[in-house]
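Asks: Quick one: the structure is below, questions incoming.
Every number in this text was worked out from the coordinates using simple rules, so none of it is lab data. It should be emphasised that the depicted structure is a prediction, and the values quoted were computed from it without experimental measurement. Backbone-built Cβ (ideal geometry, glycine too); neighbour counts: all protein chains shown.
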Amino acid sequence: MITFTPLSGAAHSSTTTPLSYLLQVDDVRILIDCGSPDWAPEPSPFEPSTPISKEHPPSWTEYTESLQKLAPTIDLVLLSHGDLAHCGLYPWAYSRWGLKAPAYSTLPVQAMGRIAATEDVEGIREEYDVKDSLTEAKENDDTTSVAHAADSPPSPSPPPSSSLDSDGKCIATVIEVQDAFDSLNTLRYSQPTHLQGKCQGLTITPFNAGHTLGGTIWKIRSPSSGTIVYAVNMNHMRERHLDGTVLIRQAAGGIFEPLARPDLLITDADRAPVITSRRKDRDAALIDTITSTLSSRSSLLLPCDSSTRILELLVLLDQHWNFSRLRYPICLLSRTGREMLTFVRSMMEWMGGTISKEDLGEEGGHSRHKRRRDEDNEEEALGAFALRFKYNISLIFYGRHLEFFPNPQALLQTYSSKDPKLILAVPASLSHGPSRNLFTDFAAVPDNVVLLTSRGAEGTLARALFDKWNNSQRLEDKWDKGKIGRNVMMDGSISLNMHRKVPLTGLELELYQQKEQVAKEKEAAHQAALVRNQRMLEADEDDSDSDDSDADDEDEVTAALGVDDAMDDDGDGMLSYDIYLKGNVSKSTSFFKNSGQSQRFRMFPYVEKKRRVDDYGETIDVGMWLRKGKALEEEAESEDMKDYKRRALAEEDAKKAIREPPSKFISTEIEIQLACRLLFVDMEGLNDGRAVKTIVPQVNPRKMIIVHAPVIAADALIEASNNIRSMTKDIYSAQVGETIQIGQQTNSFSINVSDELLASLKISKFEDNEIAYVRGLVAAHATSTIPTLEPISSSMVTVDPATPARTLVPQMLGARPQVPLPHSTMIGELKLTALKSRLTSIGVQAELIGEGVLICGTPTSSDTFGGSVAVRKLAKGKIELEGNVSDVYYIVRREIYNLHALVAA
């Protein structure tokens, strides 16, 4: 039985992101994707609306609470794309909610997801006061709370009540992001993996989905529930750095066979009603806008993501810069930009399109340009030169155009605001970070251009700007009509809330220093108390025997030397002396009580270890046990814990080396006078409605679930599917939290087949299998815990007890109980193309005329009955053979039988 529950990103929903779904196959609970929402939502500044009330919970509360409850019960995690919408919340769920189930992804999804999550958490922690624990949340509840280290490592076991911060944001730390993505198991495309443990029996296989580097279509094979295909955010078109999805092979002229006809298809319909414009028109509009703006000594702001779709933009821009020999800088504002391109260069084998690993030499050096034409035959491919960009310090991709900046301040120190330049800033949502900070200054400059390449999530500034642009277009030029719209001149003013961290000054700084001093004193007192308690535990004193002078002398000698007086019973002494003692080292121990004091000389100190006893026996050496316990703890530490501590110590050392001044987080509302131009060019790289409505019927699933779609899009795909005769009518579209149940719960049992029954079976071969009809009696034996299936012994005669032994009485007519006649079952699926090939090989003409009909043979005028037979394939596995009785009829019927396995009862 299959149970499907959307946690977020359902169909018939106004909010289609993030994506996260619970798929239960029998007893195995699978979490597919674990995306994060935008943590800084805001109403549209262009529309009058009521402000967001703090009394109402955030929009993501239901999603996070559901995932928090389910996280410890998950048995398997599958991640399909390396962006925030698919894997952004996984680090928090892994570290804070106990999502420790085995997780799988491709290698690029692991790398790109790590980069995207790191960029997101660093950007948000730079502007918002994120609490990592309940204590810190209580202490810093004031609006002028002091910002401690933003990336401080979390406590090893945070309390359950600290799963969310005061604003409900689930912002992990950098260390948590690293640990979470390090735990992923990476697979290659088309690599089947047989799972173990509770997931034993399941087989998962990733396939190329397009859209993002390493994007995955997951195929899940269950022996009891069949094949499940999860395919969301696909792109069938070949791009500059990626091949199209493997689901449809245009060269082969059909659907990829391993993914065809699944028992359940889970797919999205977000763009079902959309008609995407041609690729060469979109590229031309983008390049023309950039060139004309820079030529007029103005600048462009291009908001983009940090890991996935930015690669296509960089390749396109580098091609244009090389072709046109432009000298304007391309500025990328991202903290993880260098790291991202380093990963990309190491994963060239995952790329396609016009980039391949053959374009790079062994050392990544220059090679001859490879010239090819793309599907639209409009540009020259530049191979691996498309990713050879310039770092500020070192050349990694051997380019000359791209420069990296961690923040807008660094950009302004290098280039003046009047210099023409193209700025790529993260994030694409404009909700925080460099892109939002630049927009406040950028939008007020006339002739500057804000160029959007994605619509952005609901409730973000990017979506508000897109809606503003789309509403300004003519009806036939809107973005979903297959046209390229015109740029819009912005006017009027808007108000935006800006969040930032500023250093403390004046009285606030003094109060902070006082609090810090008090905290240090408390910490010092606490550490002193711990040391004192430790010394008390390690002290080896015997208060009950105060007359034991030798023991007192031993303690005095040890205290005078400042070393540990404990000695192991095994003879491992820890005393090491290199000096003589001064003065009297012990009291007089003479047996005779002389009035005079005996003379004592300095001597090498040897202290004899004496065993101390009390009323209960020998006393316990506490110090020895403490030392041995510490040694055992150090040996028991795993390598993972050592690595974690090493990273934590390294990060702490870095913070101590460059300590930030005490600061606070403030929020200000600014007024922006709009004067720039606005343009949207769709570069999301997703299927449009025509592709979705063409691919899904060709996949021809037995059942289908639609996700990640608004109401209009889901209804459009359902209507298009219902209009196709051969398409399944079992189409579901659940809302958030609604459960879809497919199939019934099945139970499997183990049983042995007896040798006698096995020898009596009539076995038919079908492909690589042998099939037979079995009828027997289940018998239990004391020697085995597994029941055995034995043949049923039947006799057609009865024995009359009144007659002598071995005398058979013939049965009367009608006295025998009625027995149903044996029936036969044909197993297999008829393919008309295979039948046509077999008939052609034996000399019978056959021709497909469409609608599932194959015409076999040719009627002749001399034959009264005719020689033509029609084979019609009906729904639900039924085959209809229509024609007159002739040799062709029997030949066709025989070949149909040969394509199936005939199992007789």
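Asks: Which length gain, in nm to one decimal place, applies between Glu62 and Ala528 when the Cα-Cα distance is subtracted from 0.36 nm times their residue separation? Mind showing how you got there, number by number?
Replies: Details: separation 466, 0.36 × 466 = 167.76 nm, distance 4.61 nm.
Fully extending the segment from Glu62 to Ala528 adds 163.2 nm.
Asks: Roughly what would the spin-label model give for Ile855 and Asp467, points 7 Å off Cα along C-beta, in nm?
Replies: Calculated label separation equals 5.8 nm.
Asks: Something else now. Taking 7 Å along the Cα-to-C-beta vector as the label spot, tell me the Leu848-Lys69 distance in nanometres, rounded to one decimal.
Replies: Those two pseudo-labels are separated by 5.0 nm.
Asks: Quick one: if the Förster radius is 41 Å, what FRET efficiency do Glu618 and Lys100 give, using the C-beta to C-beta distance and rounding to 0.05? Kindly include the intermediate steps, with their values, before the conclusion.
Replies: On the way: r = 46 Å, r/R0 = 1.12.
Efficiency, from the Cβ-Cβ distance: 0.35.
Asks: OK, next. Post the alpha-carbon centroid distance, the stretch 697-750 to the stretch 476-494, in whole angstrom.
Replies: 35 Å
Asks: Cα gyration tensor of the stretch 825-904, axes a ≥ b ≥ c as square roots of the eigenvalues: rounded (a/c below 1.5), prolate (a/b > b/c) or oblate? Please list the in-between numbers first.
Replies: Details: a/c = 1.76, a/b = 1.57, b/c = 1.12.
Since a/c reaches 1.5 and a/b is larger than b/c, the shape of the stretch 825-904 is classed as prolate.
Asks: Still on this model: Which order do peptides 831-843, 419-431, 198-210, 254-266 fall in by mean Cβ count within 10 Å, highest first? If you can, show how the numbers build up before the last one.
Replies: Working: 831-843: 13.4, 419-431: 23.2, 198-210: 19.8, 254-266: 18.2.
Packing proxy ranking, top to bottom: 419-431, 198-210, 254-266, 831-843.
Asks: Could you tell me the center-to-center distance, by alpha carbons, between the stretch 56-133 and the stretch 416-436 in angstrom?
Replies: 26 Å
Asks: Next question, about the same structure. I need Met351, Met683, Met1, Met536 ordered by Cβ neighbour count within 10 Å, fewest first.
Replies: On the way: Met351 25, Met683 21, Met1 14, Met536 10.
Final ranking by Cβ density, sparse to dense: Met536, Met1, Met683, Met351.
Asks: So, R0 is 51 Å and r is the distance between the beta-carbons of Leu412 and Lys831; what FRET efficiency does that work out to, to 0.05?
Replies: Efficiency for this residue pair is about 0.15.
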